[in-house]
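The values are calculated or read from the model by the stated rules, or taken from the named source; none is laboratory data. None of these values were measured; they are calculated from a predicted model. Cβ coordinates were reconstructed from backbone atoms using ideal geometry, including for glycine residues, and neighbour counts include every protein chain displayed.
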Amino acid sequence: MTDIYLVNVAVADLLFVLALPLIIYNEQYNWSMGTWACKILRGSYSMNLYSSLLLLACISGDRYVAIVKARCSYGIRSRAQIFSRLICIIIWLFTIVLSMPTFIYSNLDQEYVNETTEIDCSLTFETNGTAHLMKILLPSMQVSVGFFIPLLVMGFCYCSIIYTLLRVQNYQRHKALRVILAVVLMFILCHLPYNVVLLIHTARLFHERECNAEQNIHLALSVTRSIAYLHCCLNPILYAFIGVKFRNHFSQIVIDLWCLGKRYFSSRRSSQQTSELYTSAHKSISAVHHENPSSFTM
């Protein structure tokens, strides 16, 4: 089951990583790709946020069943494995529903700064009522569903796993504690600052604010959002490369590729040497023909 969840996490992270260079390009060139690029690229981050964190919560639940409920885990997991793909489909559909406002309301907005026109991709609303609702609803959904619910699930599951492993006198089990602590710690360090700043920004939206304070909060949002982006690049390290099986398979693939490369270059080298021998032999035969043209005309 964990492998199925990890494949979907990889798809979600790749979706965002592929969109990120296009987001940077459009930010530099005033969203030259147009409104649809604004909607799709901004929506891709929202989909990555919800899907990857909910899938990581599912992974923690699967590990909880496998370790804490080890006696009955085989029966539970064998039955649940049938529904793991269904769970992933439900998460993706739920993610699309939660990200739909970002797709709908993301539009290009023109701003005049220092007598120049700057085009920004942001959430724009037609009426004040819609703006008031969405500016509270969207951050609230992002903080609750995209952070606190996965954090509560991961906290409960991993605390139970740690408690179970501490009772087992086994070096390998204790070694797994470091991995669990690294997973939880990196999740909190990457996502907690952004969600705290987002909550502060949302709470101050409809109050009078000073320009310097507003600039500082937007700067804090940019910095903490970048740290949150970093988590999708850390997922392969935290959930794949730390695992012994994955490292063994990965090293075997690298060795096989190295052997194939050496075989390819050695075969090319041998074929090149053969062709050089053939060319030199052909030249020597031609020289003999030139010196004694009648030697082969008996």
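Details
- Positions within region 10-63 being acidic (Asp, Glu) and over 24 Å from Ile119 (Cβ atoms), in sequence order: Asp13, Asp62
- Residues of region 104-115 that turn out to be assigned to a helix (DSSP H, G or I) and either modelled with pLDDT of 90 or more or loosely packed, with under 15 Cβ neighbours inside 10 Å (or both), as a count: 1
Every residue, every condition in (1) in contact with a strand residue (DSSP E or B) (Cβ under 8 Å, 6 or more places away or on another chain); (2) hydrophobic (A, V, I, L, M, F, W, C); (3) surrounded by 13 or more Cβ atoms within 10 Å (Cβ to Cβ), yes or no:
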site	(1), (2), (3)
Met134	yes, yes, yes
Phe147	no, yes, yes
Gly155	no, no, yes
Ile161	no, yes, yes
Arg167	no, no, no
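- Qualifying residue in region 251-267 (condition: modelled with pLDDT under 85, assigned to a loop (DSSP other than H, G, I, E, B) and either loosely packed, with under 10 Cβ neighbours inside 10 Å or more than 36 Å from the chain's Cα centre (by Cα) (or both)): no
- Residue match in region 68-83 (condition: in a helix (DSSP H, G or I), of a type in the set (Val, Ile, Thr) and modelled with pLDDT of 85 or more): no
- Inter-residue pairs, beta-carbon under 7 Å, first at positive phi and in a helix (DSSP H, G or I) and in region 46-57, second buried (at least 24 other Cβ atoms within 10 Å of the Cβ) and at pLDDT 90 or above, 6+ apart: none
- For region 185-198, the candidate set comprises residues that are surrounded by 14 or more Cβ atoms within 10 Å (Cβ to Cβ) and more than 17 Å from the chain's Cα centre (by Cα); within that set, the residue that is nearest to Tyr64 (Cα to Cα) is Leu192.
- Tally, over region 10-32, of residues that are assigned to a helix (DSSP H, G or I), touching a Leu at 6+ places or on another chain (Cβ under 8 Å) and buried (at least 17 other Cβ atoms within 10 Å of the Cβ): 4
- From the list Cys58, Cys72, the lone residue that is surrounded by 20 or more Cβ atoms within 10 Å (Cβ to Cβ) and either more than 19 Å from Phe246 (Cα to Cα) or hydrophobic (A, V, I, L, M, F, W, C) (or both) is Cys58.
- Scan of region 9-45 for residues that are touching a helix residue (DSSP H, G or I) at 6+ places or on another chain (Cβ under 8 Å), hydroxyl-bearing (Ser, Thr, Tyr), over 21 Å from Ile237 (Cβ atoms) and in contact (Cβ under 8 Å) with a residue 24 or more places away in the chain, ordered by number: Ser44
- Scanning region 116-147 for residues that are among the charged types (D, E, K, R) and part of a helix (DSSP H, G or I) yields one hit, Lys135.
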